[in-house]
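Presented below is the structure to which this report refers.
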Amino acid sequence: MLKNYFIVAWRNLFRNRASSIINIGGLAAGMAVALLIGLWMHDEYSYNKYHRNYDRIARVMQFQTSNGIREGRLAMSYPVGPGLRKNFDGDFKYIVLSSWEQDEILSAGNNKFSVTGIFMDKEAPAMLTLHMQRGDYNGLGDPHSILLSASTAKTLFGSVDPVGQNMRIANKLDVKVTGVYEDLPDNCEFRRSKFIAPWDLYVTSERWILTNTDQWDNNFFQLFVQLADHADLHAVDQKIAGFKQAHVAPEEKKLQSVLSLFPMRDWHLRANWDNDGRQSGGLIEYVRLFGTVGIFVLLLACINFMNLSTARSERRAKEVGIRKSIGSLRSQLIGQFYSESLLVVVLAFTLSLALVQLVLPWFNQVAGKTLLMPWANPDFWPLGLGFVLLTAVVAGSYPALYLSSFRPVKVLKGAFKAGRLAAVPRKVLVVLQYTISITLIIGTLVVYRQIRYSQERPLGFNREALMMIQMKAPDYYGIYGTLENELKKTGAIEEMAESSSPMTNVWSSSDDFQWPGYDQKVDADFGTIYVTHDFGKTIGWQIKEGRDFSREFKTDSSSLIINEAAVTFMGLKNPVGSVITRGFGSYRKTYMVVGVAKDMVMESPYDKVRPTIYFMDYDNVNWMLFRLNRHLGAHVSVERVEAAFKKVLPTVPFEYLFADNEYTAKFAAEERVGSLAVFFTILAVFISCIGLFGLASFVAEQRTKEIGIRKVLGASVANLWGLLSSEFVRLVALSCLVAIPGAWIAMHSWLQNYTYRTPIAWWIFAITGCGALLLTLLTVSFQAVRAALANPVDSLRSE
């Protein structure tokens, strides 16, 4: 019986080649989209699962209210780690203090490279369950040791066994390699860390850390924990909530700090918080969005199958009538039509695998992934089989139930006609198809407008030809004047300065300021940036009031420049000349505001600018900023800067960033979403169009004699084209009416996630609606004009 089902199904595929190609091609495209999205979603959901203790690891964070906003902050003060060890030892298996991931110069012999790494407590390898290729989890027990990733070990030592080899960090720390671990996968939080060095080494090598070991209010570090096997995360979270606040100095009590455990399972997908401190999603929203898109695109392909199968119901009616008259049960007929659906889906799935393999390199590039087809994964094929069966059931359900319901007496007497009502489900499905496609088009346009709107936001400084170099080693300090003279002799730069933050971030903040009219109940948090002379001229900031820092004023070491956001927050009516005090208790210093700078977008381009204060200070800087000579061209300027660096600083590798590129990178996530949305939208529209093309072909074929009679009676080609096209145009117009309100509601809600957002322009809906109608006419017109041009003699000839 099954063999007979598939033989008949195969014959039907060959008998109706055009509709078969449309069905298989449409389903293959839809399944390819679903597979790509499935691979992407699996990668997102498996983030950090490389670590075997994934469900027990958490980051200790704190919630603080400042500037009227309750924020979750990942930075932690030094004493919290030892304090948790002492007071809650039974609740944790590991407590690991850590630096942030940072770029350091690693050198072994004559090899020197800038590598991203991290300093962590000795329990870190066991907590993260690193896959050790050499050495073991105890490798960080020696304060002068280092663990290298496999790729870094090969880069530094080649084929030589790295374990036991001596090397240096930042040209100042002598360490010995005690282990090599497998490179972490791309879907892992610590993937950028190519080395792990001991936390104790970091503490003893940095004087500023030693002065903060007992400071509960200075938040510079990260703190990770692994819960004890018997401990409950929620219960421990409640126990430690007030621990830090109980140890903060009395003058700092106004800034309430509530500790909380942020589980590793949420680090990647659920890392956003509302202003009241509650989790509000994150990347999980994009995962859900694309999951929904994948379902809808696959549904579009299934709708094509349903439409074309039911549209040809009259051709299959006699077959159904004869089968029923000779004893076939309805269940057998349903099995027959499901087998046809299954055959089409199997062929489409095979083609979709080839399509996915073909486009996967491009998809990886757009999505920022390194996905591979899981051919060898034992779970892939059962899941693939389930995917095929589910699609076959969805695509074949309506045709199977509809066609098997025909009454044999009416069919065999020739009295069966599908009638107008039979076309209603097809029309509903066409409207659904184009509603989905139009919604995707509108959503894609809004996403790109939001990206463009933020990209065109005034920055407050000139990012063109602005080079940044991080001072990663002691060798950078003390050579500023020599380097400046050398660079200006070459004509490579126009200006040069130093800063404590790159121009695309604010690395430090402080809440210990008082100003005229200061209210002790106000929780404030200001970005703090230390700069040198010529900072303003180098970056091209705009002084709105007062003056810039100047060498002519010896008192500028006690002067401040604040941005407009700080003026607004402090409520200063005459900011220039205002006295601002920093510090509490015995440490207090008074500054005078000498200028107000226009707000500069240094952090998220989607959020408000943070109130920021700029200090004149040559001791706390760690970035060099250069305004390249724009008359030379970037390539020539960079070559000259590199030559000067190698002359003045031969001991460190020359590495640089451009502010323009770093700012553009802030849009990477949204641009990836936009690019993927365009790709999926194009496929959705393509699937809808080929389905419409198939239906138009069928309708034109079904009305062949009607068209012939109309031509004989004098109807023109234009009349007939309008007759055949008008029904589809009405359906797509109805889709626009359904899709536009829903799309507006969805995108309006999405834009609320951004403080700085674009309005939803009316022309987006107008262009999308007109484009959908035009595309419909182009799709249908080929079949309509072809039918209208046919010779009526052929169509009216009796069989």
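The values are calculated or read from the model by the stated rules, or taken from the named source; none is laboratory data. Everything numeric in this text was worked out from a predicted model, so none of it was measured. Don't worry about glycine lacking a Cβ; one is built from the backbone with ideal geometry, like all the others, and counts go over all protein chains shown. Heads up: the accessible areas ignore ligands, DNA and RNA and are worked out on the full protein's heavy atoms, side chains in. Shrake-Rupley method; radii C 1.70, N 1.55, O 1.52, S 1.80 Å.
Which links in K472/K608; K489/K554; K172/K488; K488/K554; K176/K369; K472/K521 stretch past 32 Å when you go from one Cα to the other? Listed pairs above 32 Å: K176/K369; K472/K521. Could you give the angle, 0 to 90 degrees to the nearest 10, between helix 668-702's Cα long axis and the longest principal axis of the Cα atoms of the chain? Around 0 degrees separate the two axes.
Averaging 1/r over every pair of different alpha carbons in the chain and inverting the result gives a Kirkwood radius of 31.6 Å. Here the chain carries DSSP beta bridges of which approximately 80% are antiparallel, counting only pairs with both residues inside. Taking Lys and Arg as +1 and Asp and Glu as -1, the other residues whose beta-carbon sits under 12 Å from that of A108 total +3. Between the helical axis of 380-403 and the longest alpha-carbon principal axis of the chain there is an angle of about 40 degrees.
Can you give the translational diffusion coefficient of region 78-232 in µm²/s, computed by Stokes-Einstein from the Kirkwood radius over Cα pairs at 25 °C and 0.890 mPa s? This corresponds to a translational diffusion coefficient of 152 µm²/s. Relative to its Kirkwood radius, the Cα radius of gyration of region 417-525 gives an Rg/Rh of 1.36. If you take the square roots of the eigenvalues of the alpha-carbon gyration tensor of region 150-250 and sort them as a ≥ b ≥ c, do you get rounded (a/c under 1.5), prolate (a/b over b/c) or oblate? Since a/c reaches 1.5 but b/c is at least a/b, the shape of region 150-250 is classed as oblate. Among 189-197, 512-520, 719-727, the peptide with the highest mean count of other Cβ atoms within 10 Å heads the list, and the full ranking is 189-197, 719-727, 512-520. With all protein chains kept in place, the per residue accessible area of region 100-157 amounts to 40 square angstrom at a probe of 1.4 angstrom.
Near A761, once Lys and Arg are set to +1 and Asp and Glu to -1 for all other residues with Cβ below 14 Å from its Cβ, the sum equals +3. What region 467-524 shows is 39 Å² of accessible area per residue, with the surface traced by a 1.4 Å probe over protein heavy atoms. What does the C-alpha gyration tensor say about the overall shape of region 476-585? Classify as rounded when a/c is under 1.5, otherwise prolate if a/b is larger than b/c, or oblate. The shape class here is prolate. Other residues lying with their Cβ under 12 Å from the Cβ of F363 contribute a combined charge of +1, Lys and Arg counting +1, Asp and Glu -1. Sorting 140-148, 456-464 by their mean Cβ neighbour count within 10 Å, with the most densely packed peptide first, gives 140-148, 456-464. Once the Cα atoms are used to define both axes, helix 634-648 deviates from the longest principal axis of the chain by about 30 degrees.
For the chain, with all protein chains in place and a probe radius of 1.4 Å, 57% of the accessible heavy-atom surface sits on carbon or sulfur. Name the shape class, rounded, prolate or oblate, that the alpha-carbon gyration tensor gives for region 193-247, where a ≥ b ≥ c are the square roots of its eigenvalues, rounded holds for a/c under 1.5, and otherwise prolate holds if a/b is larger than b/c and oblate otherwise. Oblate, because a/c is 1.5 or more while a/b does not exceed b/c. Helix content alone sets the calculated 222 nm mean residue ellipticity of the chain: runs of n ≥ 4 DSSP H residues at -39500 (n - 2.57) each, divided across all residues, give -16000 deg cm²/dmol.
Calculated accessible area for region 636-791 comes out at 48 Å² per residue, all protein chains present (probe 1.4 Å; ligands, DNA, RNA ignored).
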